[in-house]
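Some notes on the structure that comes next.
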Amino acid sequence: MGYKTVVELKSDQTIKLGGKDATGKANPTSIEGYYLGHRETKSDYGIGVIHFFQTQDGNVGVWGKTNMNRQLTKDRLGQMVLVTFTGMGKAQKGKAAPYNFQVQYDDGNTIDVGGVALSNTDTHEDVDNVEDLNDEPLDEVQPERATAPKRPATTPSASRQAEIQAMLKHRSNRA
């Protein structure tokens, strides 16, 4: 019997694709490597996603954006992937302009990532570049968890239903 080592989703460096950093210097526009998976990170600024790639320069973490997150699915795990920043989309009212990405993959060039340990328990202390989360608003607002109403809904009494019907009938006769 031979032991296998569990590979953790850690990176030697963490980057953002597209846009500019805090000093005004342009961020890289693409990354190529074997896709190892992603991990959600929690911080004071919200939830961020870091995608991990095994590259020639070591493991690289890439801060995800909505468009990238949708394209980098579990179907890409272990495949050679090229992610390219293609520009900014059109801003919607009340939202920042989205970052657009093209994801290309080679399903014939793969590695085994079955032993990769996925974890969603990171806190802001574990995040390398937590200030990156504060640079821009998140692409999507996380909805609040639903709660039960303070007063449960009830069926109106027969007399109240009759009053409402009379008001509606009166209003339709006036039109």
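Rundown of residues vs (1) at pLDDT below 90; (2) among the hydroxyl-bearing types (Ser, Thr, Tyr); (3) in a strand (DSSP E or B), yes/no style:
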{"position": "Glu32", "(1), (2), (3)": "no, no, yes"}
{"position": "Thr41", "(1), (2), (3)": "yes, yes, yes"}
{"position": "Phe53", "(1), (2), (3)": "no, no, yes"}
{"position": "Met80", "(1), (2), (3)": "no, no, yes"}
{"position": "Gln92", "(1), (2), (3)": "yes, no, no"}
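Lys95 meets the conditions (1) charged (D, E, K, R); (2) surrounded by fewer than 20 Cβ atoms within 10 Å (Cβ to Cβ); (3) over 20 Å from Gly18 (Cβ atoms) in every case but one. The failed one is (3).
With of a type in the set (A, V, I, L, M, F, W, C) and modelled with pLDDT of 55 or more as the only criterion, which of Val103, Val130 stands out? Before the answer, list the steps.
Numbers: Val130 fails: modelled with pLDDT of 55 or more.
Every option except Val103 fails the conditions.
Taking the conditions (1) of a type in the set (A, V, I, L, M, F, W, C); (2) out of contact with any Asp or Glu (no Cβ under 8 Å at 6 or more places or on another chain); (3) surrounded by 14 or more Cβ atoms within 10 Å (Cβ to Cβ); (4) free of Cβ contacts under 8 Å to residues at least 40 places away in the same chain in turn, Ala26 satisfies each one other than (3).
If you filter the stretch 51-92 down to residues that are free of Cβ contacts under 8 Å to residues at least 40 places away in the same chain and under 11 Å from Leu36 (Cβ atoms), you find that the one that is surrounded by the fewest Cβ atoms within 10 Å (Cβ to Cβ) is Thr55.
The values are calculated or read from the model by the stated rules, or taken from the named source; none is laboratory data. Owing to the predicted nature of the structure, the values given are computational and were not obtained by experimental measurement. We place every Cβ from the backbone using ideal geometry, glycine too, and count neighbours over all the protein chains shown.
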